[in-house]
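Only the coordinates and a few stated rules stand behind these numbers; no lab work does. As the structure is a computational prediction, the values presented were derived from the model and not from experiment.
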Amino acid sequence: MEARRSTLPEQLPTSDSDGLSGVPSASGPATAGADAFPLPETPDPNFYAARDLDSYPTPLTALRIDGPPGAGGGEVRLEVLIDERGIVREVNFAGAIRPGGAEEALRALLAATRFLPGVKDGRAVRSRILLSLTP
């Protein structure tokens with residue numbers, strides 16, 4: 001019996017070494033453009049509780065709470081929702097509200113305060129904190 005020999009071309013094409021003409025290689029310009037224009041990061045819609053954060057939101061300026069003269073003491077508890085940019089989005093009173101409009105003054109004070117946002121897994125996230133204030 002005679003052994004059959006297959007003949008191979010003496011030289012492979014030099015322009016396209018993998019034989020796929022017209023398809024860009026992995027190191028070609030098609031992937032370089034993908035790195036130049038990364039997709040935008042989608043914001044996390046969750047408001048994380050303080051216990052779930054790596055670092056808590058911190059006011060950028062000191063909170064100065066001045067109560068009206070003769071206003072009774074006591075504790076006011078507030079739930080504050082802060083977004084990933086440190087902007088207060090919502091203030092809710094957790095507990096009894098005092099008469100006399102003091103809650104609106106506290107709400108306005110907190111709404112005007114900017115915070116260093118809470119951090120989870122190395123990135124700024126929305127957070128939900130509970131504040132106890134004694135005006």
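Side notes on the structure shown:
- Karplus-derived 3J(HN,Hα) values for segment 44-51, using 6.51 cos²θ - 1.76 cosθ + 1.60 with θ = phi - 60°, are 7, x, 7, 9, 7, 5, 4, 5 Hz; glycine and proline are entered as x.
- The phi-based Karplus calculation (6.51 cos²θ - 1.76 cosθ + 1.60; θ = phi - 60°) puts the 3J(HN,Hα) values of segment 103-117 at 5, 5, 5, 5, 4, 5, 4, 5, 5, 8, 8, 9, 10, 6, x Hz, whole numbers, x for Gly and Pro.
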